[in-house]
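The values are calculated or read from the model by the stated rules, or taken from the named source; none is laboratory data. This one's a predicted model, so the numbers in the text were calculated from it and none came from an experiment. Don't worry about glycine lacking a Cβ; one is built from the backbone with ideal geometry, like all the others, and counts go over all protein chains shown.
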Amino acid sequence: MHIHYLQHEPTEDPGSILTWAVERNHTVTGSMIFDGDSLPSLNSFDMLVMMGGYMSVYEEDEHPWLVTEKEFIRQAIQANKAVLGVCLGAQLIASALGAEVRKNRFKEIGWFPVTLTPEGEKSPLFTDWPATFEAFHWHGDTFDLPEGALRLAESEACANQAFSYGKSVAALQFHVETTSDSVMRLVSDCGADLAEGEPWVQSPDAILANKDPLPELPRLLYPMLDRLSDISTIR
């Protein structure tokens, strides 16, 4: 399988998604959108992965490439490619499928629990996942569910944490591809987001001190990616 990822800023790379791909002998290429890289042709990849970013999907005047990328995502979905979006990437999928993306009631930044919905517990994507698990978060926006999508996960701060669409599309607002390096880069480069007094925003010290979830994340991520890469299993 050939995987192509879209990276929207230097800080938010694919993390352990790349480790999974190497271990599975998949080939990988990427477009550094922040550097002006072009999008690939649809016939050049089997799986498309969109990573996070500081921008919002509705800031098209400031970031005109958002219009082109959302149309490209629509085309990839229509072509039955396996498609995964993380954080901004999930919001891009939602917007590409016609759903609204807007400010969430709260910013959610740090390590917080995510709970699978009843549909999530039944989804092949999350087979053997615990009903509640700790994930990494760094977002201020949220998405509505596209028509026909299944809501798979939620948190106290954000009702829509994940959805699937059809056989081959998964959107995760939370991060399970996070590594210790990526956490440190985000805290260093995006520390201005860590406003004191926000109920769902942890301090830099609290974020960096909580290393317990990191070894567990690949145990969640890898089986999910295995199932997504076999698109016939996703319903």
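Residue count for the stretch 182-202, restricted to those that are in contact (Cβ under 8 Å) with a residue 40 or more places away in the chain and not basic (K, R): 13.
Take the conditions assigned to a helix (DSSP H, G or I), of a type in the set (D, E, K, R), touching a Leu at 6+ places or on another chain (Cβ under 8 Å) and within 22 Å of Q173 (Cβ to Cβ) and apply them to E12. Does it pass?
Values: assigned to a helix (DSSP H, G or I): no; of a type in the set (D, E, K, R): yes; touching a Leu at 6+ places or on another chain (Cβ under 8 Å): yes; within 22 Å of Q173 (Cβ to Cβ): yes.
No; evaluated as a whole, the condition is false for this residue.
Pairing residues of the stretch 62-85 that are in contact (Cβ under 8 Å) with a residue 12 or more places away in the chain and under 17 Å from A99 (Cβ atoms) with residues that are assigned to a strand (DSSP E or B) and not aliphatic (A, V, I, L, M), at Cβ distances under 6 Å and at least 6 apart in sequence or on separate chains, gives no pairs at all.
Do we have any residue at all in the stretch 130-138 that's surrounded by fewer than 23 Cβ atoms within 10 Å (Cβ to Cβ), in contact with a strand residue (DSSP E or B) (Cβ under 7 Å, 6 or more places away or on another chain), modelled with pLDDT of 95 or more and not in a strand (DSSP E or B)? Within the stretch 130-138, one or more residues are surrounded by fewer than 23 Cβ atoms within 10 Å (Cβ to Cβ), in contact with a strand residue (DSSP E or B) (Cβ under 7 Å, 6 or more places away or on another chain), modelled with pLDDT of 95 or more and not in a strand (DSSP E or B).
What do you reckon, is L217 aliphatic (A, V, I, L, M), surrounded by 14 or more Cβ atoms within 10 Å (Cβ to Cβ), at pLDDT 95 or above and over 22 Å from I77 (Cβ atoms)? Criteria met by L217. Within the stretch 30-39, one or more residues are among the charged types (D, E, K, R) and under 30 Å from V201 (Cβ atoms). The set of residues in the stretch 139-174 that are touching a residue at least 60 places away in the same chain (Cβ under 8 Å), closer than 22 Å to M47 by Cα and either of a type in the set (F, W, Y) or assigned to a strand (DSSP E or B) (or both) comprises A162, F163, S164, Y165, V169, A170, A171, L172, F174.
Residues in the stretch 15-29 that are touching a strand residue (DSSP E or B) at 6+ places or on another chain (Cβ under 9 Å) and either assigned to a helix (DSSP H, G or I) or among the hydrophobic types (A, V, I, L, M, F, W, C) (or both): how many? Steps first, please.
In the first step, residues of the stretch 15-29 are kept if they are touching a strand residue (DSSP E or B) at 6+ places or on another chain (Cβ under 9 Å); the result is 15, 17-18, 21-22, 26-29.
Of the ones still in play, those that are also either assigned to a helix (DSSP H, G or I) or among the hydrophobic types (A, V, I, L, M, F, W, C) (or both) are 17-18, 21-22, 28.
Total meeting the criteria: 5.
Every listed requirement among (1) at pLDDT 95 or above; (2) on the phi > 0 side of the Ramachandran plot; (3) not β-branched (V, I, T) is met by G197 save one, (1).
Of all residues in the stretch 75-102, those satisfying the criterion of being surrounded by 24 or more Cβ atoms within 10 Å (Cβ to Cβ) and out of contact with any helix residue (DSSP H, G or I) (no Cβ under 7 Å at 6 or more places or on another chain) are V86, C87, L88, G89, A90, Q91, A94. Considering the stretch 158-168, the residues that are surrounded by 22 or more Cβ atoms within 10 Å (Cβ to Cβ) and not hydroxyl-bearing (S, T, Y) include one that is farthest from D189 (Cα to Cα), namely F163.
Going through the stretch 186-203 one residue at a time, which ones are of a type outside the set (D, E) and surrounded by 15 or more Cβ atoms within 10 Å (Cβ to Cβ)? Hits for the stretch 186-203 are L186, V187, C190, L194, W200, V201, Q202.
For the subset of the stretch 1-56 comprising residues that are hydroxyl-bearing (S, T, Y) and closer than 17 Å to S229 by Cβ, which member is surrounded by the most Cβ atoms within 10 Å (Cβ to Cβ)? Steps first, please.
Let us first name the residues in the stretch 1-56 that are hydroxyl-bearing (S, T, Y), namely 5, 11, 16, 19, 27, 29, 31, 38, 41, 44, 54, 56.
From what is left, the residues that are closer than 17 Å to S229 by Cβ are 5, 16, 19, 27, 29, 44.
Details: Y5: 23, S16: 19, T19: 15, T27: 12, T29: 11, S44: 10.
Only one residue tops the list, namely Y5.
Among the residues of the stretch 112-122, those identified as free of Cβ contacts under 8 Å to residues at least 60 places away in the same chain, within 16 Å of F163 (Cα to Cα) and not basic (K, R) are T115, L116, T117, P118, E119, G120, E121.
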